[in-house]
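Q: My questions will all concern the structure given below.
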Amino acid sequence: YLTIIEGCDKNCAYCVVPFTRGPERSRTSSSVIAEAQALADSGYTEIQLLGQNVNSYRDPSPAGWDFPTLLDRVGQIPGIRRVRFTTSHPRDFGKEIIDAIDANPALCDHVHLPVQSGSTRVLQAMQRLYTRDEYMRRIEWMKNARRRIAITTDIIVGFPGETEKDF
């Protein structure tokens, strides 16, 4: 696993709420590529890009890569046959990620995109910063991709104030 977005200064492994981790910090694209290349040189064939929210990756170096660019470039490293990523956030999940998956056969045809709730009202109460319709638009992008993309998710049920209709 290559952690491309780091959490708090204490490297809390069990923090689940982003506010407890401190502000996101992205590694430089050159450091990620160098580490992935070293792994490929050592015989590893699969890379998983891991972050609190991988989609918000922004290269702090002058190269200025976004996440779809980093994802594609890792998938171009000779010897790397599969590239996965987790965890995505619907707010930052752009169609460019699907375009990268379609274009690069080393990128796995799988996306884990937590929905949390199917109710916009509950999502707002959770402060998730996206709506049900925005989430469903991302699912449509995956359904319309040239490759068949498997989708997995996380769902929270029984959120305080959630009604039967929300559920």
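Q: Report, in debye and to the nearest 20, how large the dipole of the stretch 10-142 comes out about its Cα centre when Lys and Arg carry +1 and Asp and Glu carry -1 on their Cβ.
A: 540 debye
Q: Here's something else I'd like to know. Using a 1.4 Å probe on the protein chains only, how many percent of the accessible area of the chain belongs to carbon and sulfur?
A: Using a 1.4 Å probe with all protein chains present, the chain comes out at 52 percent carbon and sulfur.
Q: Hey, another quick one. Over the chain, what is the percentage of antiparallel beta bridges among all DSSP beta bridges, to the nearest 5?
A: Looking only at bridges with both residues in the chain, the antiparallel portion is about 20 percent.
Q: Now, a different point. Given an 8 Å cut-off on Cα distances and at least 6 residues of separation, report the relative contact order of the chain as a percent.
A: It rounds to 18 percent for the chain.
Q: Take the alpha-carbon positions of the stretch 108-165, form their convex hull, and give its projected area averaged over all directions (one quarter of the hull surface) in nm².
A: Computed as one quarter of the Cα hull surface, the answer is 4.3 nm².
Q: Taking the full set of protein chains and a 1.4 angstrom probe, give the accessible area of Asp102 in square angstrom, rounded to the nearest 10.
A: Accessible surface of Asp102 is approximately 30 Å².
Q: Any idea of the accessible area per residue across the chain, 1.4 Å probe, to the nearest Å²?
A: 57 Å²
Q: Based only on Cα atoms, what mean projected area does the convex hull of the stretch 14-120 have, in nm²?
A: 7.7 nm²
The values are calculated or read from the model by the stated rules, or taken from the named source; none is laboratory data. Note that this is a predicted model, so its numbers are computed, not measured. Cβ sites come from the backbone with ideal geometry, for glycine too, and all protein chains shown count toward neighbours. Accessible surface areas use protein heavy atoms only, side chains included; no ligands, DNA or RNA. Shrake-Rupley method; radii C 1.70, N 1.55, O 1.52, S 1.80 Å.
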